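Undergrad: Input: one structure, supplied below.
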Amino acid sequence: MFDKILIANRGEIAMRVIRACRTLGIKTVAIHSDVDAGSLHVRFADEAICIGPADPRRSYLNIPQILAAAEISGADAIHPGYGFLSENAEFAELCRRCGLTFIGPKPESMRLWGDKVRSREAAKSFGLPLLPGTSVLRDGDDAAAQAAEIGYPVIMKASGGGGGRGMRIVRDPSEIHNAFETATSEAMSGFRNPDVYLEKFVEEPRHIELQVLGDPTGRVHSLGERECSLQRRHQKIIEEAPSPVMTPEKRALLGEMCRRALEGTGYTSLGTMEFLMDERGELYFMELNARVQVEHPVTEMVTGVDLVENQIRAAAGEVIDLPRDRSLQMRGHAIECRINAEDPWTFVPWPGLITEYHPPGGIGVRVDSGVYGGWRVPNSYDPLLAKVITHGATRPEAIARMRCALDELIISGIRTNIPLHQALLREPDVLAGNMSTRTIERLVARL
Ligand code: MV4
């Protein structure tokens, strides 16, 4: 097991990794930018090193500085959290060359799953369900011919994109040549990879994802799904586990398929297989997120498995010994509300001084937070302040506990999206489990 881990991240996820390290008896090193000197993760890590100014390119994305900090502190592994360098295969490769363990998949796995055309082909070869779609498009005429074959509307995606970045919907043949040119040049500047491909567009999908965990022996566990349909512009707002529309049979089938694909490609870490569900309830593979995700706590609450601890154990070479059918043993229901520093109705970011902070408590309530009263929220980063997670025997019980928890949560001095959460948890569609990726835009338009 590692002796000391450097955490190449900030905020609530840095705190989450520190907790896992403490549980395992591992020392921690925080890195931080100038404006994060007073941040919670700096205070709770055993050591902290300032690596640069607020601009993330010069601090949390500054690879030479981070590797130097690992060297100086004598860390033997780096945990990247989510975002920042977490899916950067070159960074993982450089860690390896510096004698540091990158806590994540092997660089080859990161390259495979980071390339959406290659991952589509890999998924297909292991029998995962895909939407009608193409390989890399050669030119505008190729795009036109293949789109006609698939049938409009189609969606054009950058192979180097993901998480909703580098996508455009094409509804009419007259737009396809222009879409190809624009998408190709945007993909080149955004991802240094001009490749784009097409998929049949699903109008109002549900977003369902499956938590997986591989270990160094090549065994992969599936830990059940999360429902992540409540989002706005690709930012998830509320997630839950299990999905209200999943059945034990479908879950077992999906888990088995994902396990085969990931064992077949040698995936040895924590990851999330992302699917879309169409109106008919059919699931289609989208992409693999090769990192810990923001919403991992809902899976932890229903499975009782500490995902970050196991991610670290797997990276340290330990065999992960969970019951093989863990995904079928989900206990009760969990829901997570992401608390952001932003106006609840316009979504304008709202940095500033938190004058008062009071977290909720009680049975079945968990708070993963990166803030405290008296802390100033900087404007350089993601607006996520904290996550409130509640667990109950049933979905209504988890929701009732969430409503109470949100009423207790006090964050003063800045605007937060707590009122949006309170409104969502009164929505008949949400209470009935009838959510889609467009529920929030409709609610906000109505209010
Ligand atoms: C799609 C889709 C519809 N059809 N693909 C978004 C995240 C990324 N992993 C995949 N995403 C989508 N892919 C096909 N073929 C819809 C989404 C999508 C979405 C698209 C537009 C606006 C909001 C969205 C929210 C969630 C998912």
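Laboratory data are not the source of any read-out in this text; all were calculated from the coordinates shown. Remember, it's a predicted structure, so these values are computed and weren't measured experimentally. For neighbour counting, all protein chains shown are included, and Cβ atoms are generated from backbone atoms with ideal geometry for every residue, glycine included.
Undergrad: For segment 350-403 and segment 79-135, what is the centre-to-centre distance using only Cα atoms, to the nearest Å?
TA: Computed from Cα coordinates, the inter-centre distance equals 31 Å.
Undergrad: Non-local amide H neighbours of residue 287 (under 5 Å, H modeled in plane, Pro and chain starts lacking H): which ones?
TA: Amide H neighbours of residue 287: 274.
Undergrad: Can you work out ³J(HN,Hα) from phi for every residue in segment 86-92, in order, using Karplus 6.51 cos²θ - 1.76 cosθ + 1.60 and θ = phi - 60°, giving whole Hz and x for Gly and Pro?
TA: 5, 10, 9, 5, 5, 4, 4
Undergrad: What list of ³J(HN,Hα) values in whole Hz, one per residue of segment 49-59 in order, does the Karplus curve 6.51 cos²θ - 1.76 cosθ + 1.60 (θ = phi - 60°) give from phi, with Gly and Pro shown as x?
TA: Those phi angles translate into 10, 7, 10, x, x, 4, 3, x, 4, 9, 10 Hz.
Undergrad: If you don't mind, there's one more thing I want to ask. Determine the relative contact order of segment 151-221: mean sequence separation of Cα pairs under 8 Å and six or more apart, normalised by residue count, in whole percent.
TA: Relative CO of segment 151-221 lands at 33 percent.
Undergrad: Let me ask something else. Which order do 283, 6 fall in if you start with the one that has the fewest other Cβ atoms within 10 Å?
TA: The most exposed by this proxy come first: 283, 6.
Undergrad: Moving to a separate point now. Rank these for me by crowding, 407, 46, going from fewest to most other beta carbons within 10 Å.
TA: Listing 407, 46 from fewest to most nearby Cβ atoms yields 407, 46.
Undergrad: Report, in debye and to the nearest 20, how large the dipole of segment 96-137 comes out about its Cα centre when Lys and Arg carry +1 and Asp and Glu carry -1 on their Cβ.
TA: The dipole of segment 96-137 has a size of about 140 debye.
Undergrad: Sticking with this one: Extension gain residue 58-residue 250, at 0.36 nm per residue separation less the Cα-Cα distance, in nm?
TA: Working it through step by step, the gained length comes to 64.6 nm.
Undergrad: Still on this structure, please answer the following. What FRET efficiency would be calculated for the residue pair residue 306, residue 393, taking the C-beta separation as r and a Förster radius of 25 Å, to the nearest 0.05?
TA: The value I calculate is 0.70.
Undergrad: Most mobile of 291, 171, 338 per a Gaussian network model of the chain (Cα springs, under 10 Å)?
TA: 171
Undergrad: Please express the Cα-Cα pair-distance distribution P(r) of the chain as a list of whole percents, one per 20 Å bin, running from 0 to the bin with the greatest distance.
TA: 25, 60, 16, 0
Undergrad: Treating the beta-carbon of each Lys and Arg as +1 and of each Asp and Glu as -1, no other charges, what is the dipole magnitude of segment 312-401 about its Cα centre, to the nearest 20 debye?
TA: 260
Undergrad: Next question. Quick one: compute the contact order of segment 88-242, relative version, from alpha carbon pairs under 8 angstrom and 6+ residues apart, as a percent.
TA: Dividing the mean separation by the residue count of segment 88-242 yields 17 percent.
Undergrad: Using helices alone, what [θ] at 222 nm do you get for the chain, with -39,500 (n - 2.57) per DSSP H run of 4 or more residues, divided over all residues and rounded to the nearest 500?
TA: After summing the helix terms and dividing by residue count, I get -10000 deg cm²/dmol.
Undergrad: Return the subset of 124/236; 116/200; 157/200; 4/106; 116/157 for which the Cα-Cα distance in this structure is over 18 Å, preserving the input order.
TA: 124/236; 4/106
Undergrad: What is the distance, in nm, between label points placed 7 Å from the Cα along the Cα-to-Cβ direction at residue 189 and at residue 431?
TA: For residue 189 paired with residue 431, the spin-label model returns 4.8 nm.
Undergrad: Using the Karplus curve 6.51 cos²θ - 1.76 cosθ + 1.60 with θ = phi - 60°, work out ³J(HN,Hα) for each residue of segment 299-304 in order, rounded to whole Hz, and write x for Gly and Pro.
TA: Per-residue couplings from phi come out as 5, 4, 5, 8, 9, x Hz.
Undergrad: Mind sorting 375, 113 by how few other Cβ atoms lie within 10 Å of their own Cβ, fewest first?
TA: 375, 113
Undergrad: Sticking with this structure for a sec: Compute the separation of the alpha-carbon centres of segment 218-260 and segment 160-176 and state it in Å as a whole number.
TA: So the two Cα centres are separated by 25 Å.
Undergrad: Shifting gears a bit: Only four residue types carry charge here, +1 at the Cβ of Lys and Arg and -1 at the Cβ of Asp and Glu. Report the dipole size of the chain about the Cα centre in Debye, rounded to the nearest 20.
TA: 540
Undergrad: Here's a follow-up. Can you give the % of DSSP beta bridges in the chain that are antiparallel, to the nearest 5?
TA: So the antiparallel bridges amount to about 80 percent of the total.
Undergrad: Quote the relative contact order of the chain in percent (integer), defining contacts as alpha-carbon pairs under 8 Å separated by 6+ residues.
TA: 14
Undergrad: Once you put a point 7 Å from the Cα of residue 279 and another 7 Å from the Cα of residue 400, both along the Cβ direction, what distance in nm separates them?
TA: Here the answer is 3.6 nm between the modelled labels.
Undergrad: Continuing with this model, one more query. Can you tell me the order of 418-424, 295-301, 345-351 when each peptide is scored by its average per-residue count of other Cβ atoms within 10 angstrom, highest first?
TA: Result, highest mean Cβ count within 10 Å first: 295-301, 418-424, 345-351.
Undergrad: Could I have the simple spin-label model distance between residue 438 and residue 408, label points 7 Å from Cα toward Cβ, reported in nm to one decimal?
TA: A separation of 3.8 nm, rounded to one decimal place.
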